[in-house]
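See structure below.
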Amino acid sequence: MVAVYRRLGAEPRECMLRLAKPLRVDRQIASRVKSRLVARGLRELGNRALNWRNARLSGRPSEEIALHNGACGEEFTVLAAHLRNRDQLSVERTAEYLNWRFLAHPFQKFEILAARRKKVLAAYLIFAHAGEDARIVDLRGLDDPALLRNLVSQAVETLRKRGVMTVSVSILAWHSYVKLFENWGFRRRESCPVVLYPTVTPSPGTGTSQADRWFLMDGDRES
């Protein structure tokens, strides 16, 4: 569609970047090593190494992190209102929106990890997995790197215990979440162009203006 947009005078000004993290080495070993005995040894060694690295990156969370059961309630709308004044444009993630977009999805099952401090919702992460692969599709919360890091840590551990081999996340390349995930062992993979209609026309060659910084993740699109 990029050629179509260019004919309409709209140039891609951002890119959506996918980052991925291996949680287990079983699949890679099976595709490269024919001997079952050798593969078993390498698999155990590789998985131990990944687990050791994850343990080093994990901290001790001061907040309560658990899977959220049932529909999203008013606390999600309250958090969305608290985050509304950030210097970026995004869909307002009210409880009604989250229930419609994720929990009532007709084809995919999404799960929500919620982090609460003194029983007050501080952040949440939404993920989905099918078979051996998983996606983190949304992450929102207070501007606290340790809080968000602990939430990502819990999601990684939850998926690892379920036998997931690789977890991915897609984010606009400019966003600080890219560094957050890279610090947790995610590595950059492919990217795709994003066309945004600016509310403020940027100067030639400057890309998207600061006033038009969008927050977009995989959960903001259907494909």
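Here VAL178 clears all of (1) in contact with a Phe, Trp or Tyr (Cβ under 7 Å, 6 or more places away or on another chain); (2) surrounded by fewer than 20 Cβ atoms within 10 Å (Cβ to Cβ); (3) assigned to a helix (DSSP H, G or I) except the condition numbered (1).
From the list ALA95, ALA71, ALA114, ALA123, the lone residue that is modelled with pLDDT of 95 or more, open to solvent by 40 Å² or more (accessible area, probe 1.4 Å) and over 18 Å from ALA20 (Cβ atoms) is ALA71. For segment 75-122, a tally of residues being closer than 18 Å to GLU64 by Cα and touching a residue at least 60 places away in the same chain (Cβ under 8 Å) returns 1.
You will find that of LEU172, LEU196, the residue that is open to solvent by less than 70 Å² (accessible area, probe 1.4 Å), over 26 Å from ARG116 (Cβ atoms), of a type in the set (A, V, I, L, M, F, W, C) and modelled with pLDDT of 90 or more is LEU172 and no other. Within segment 137-164, the residues that satisfy the criterion of being aliphatic (A, V, I, L, M) and either touching a strand residue (DSSP E or B) at 6+ places or on another chain (Cβ under 9 Å) or surrounded by 19 or more Cβ atoms within 10 Å (Cβ to Cβ) (or both) are VAL137, LEU139, LEU142, LEU147, LEU148, LEU151, VAL152, ALA155, VAL156, LEU159, VAL164. In segment 161-180, the qualifying residues are those that are more than 10 Å from the chain's Cα centre (by Cα) and of a type in the set (Gly, Ala, Ser), and the one that is nearest to LEU216 (Cα to Cα) is ALA173.
I'd like the residue in segment 13-30 that is in contact with a helix residue (DSSP H, G or I) (Cβ under 9 Å, 6 or more places away or on another chain) and modelled with pLDDT of 85 or more and, out of all such residues, is most open to solvent (accessible area, probe 1.4 Å). The residue in question is ARG18. Within segment 152-170, one or more residues are within 24 Å of GLU75 (Cβ to Cβ) and touching a Gly at 6+ places or on another chain (Cβ under 9 Å).
Say whether the condition of being β-branched (Val, Ile, Thr), touching a helix residue (DSSP H, G or I) at 6+ places or on another chain (Cβ under 8 Å) and free of Cβ contacts under 8 Å to residues at least 60 places away in the same chain is met by at least one residue in segment 160-179. Checking segment 160-179: not a single residue is β-branched (Val, Ile, Thr), touching a helix residue (DSSP H, G or I) at 6+ places or on another chain (Cβ under 8 Å) and free of Cβ contacts under 8 Å to residues at least 60 places away in the same chain.
The values are calculated or read from the model by the stated rules, or taken from the named source; none is laboratory data. A quick note: this is a predicted structure, and the numbers were derived from the prediction, not measured. Cβ sites come from the backbone with ideal geometry, for glycine too, and all protein chains shown count toward neighbours. Accessible surface is based on the protein model in full, side chains and every heavy atom, while ligands, DNA and RNA are left aside. Shrake-Rupley method; radii C 1.70, N 1.55, O 1.52, S 1.80 Å.
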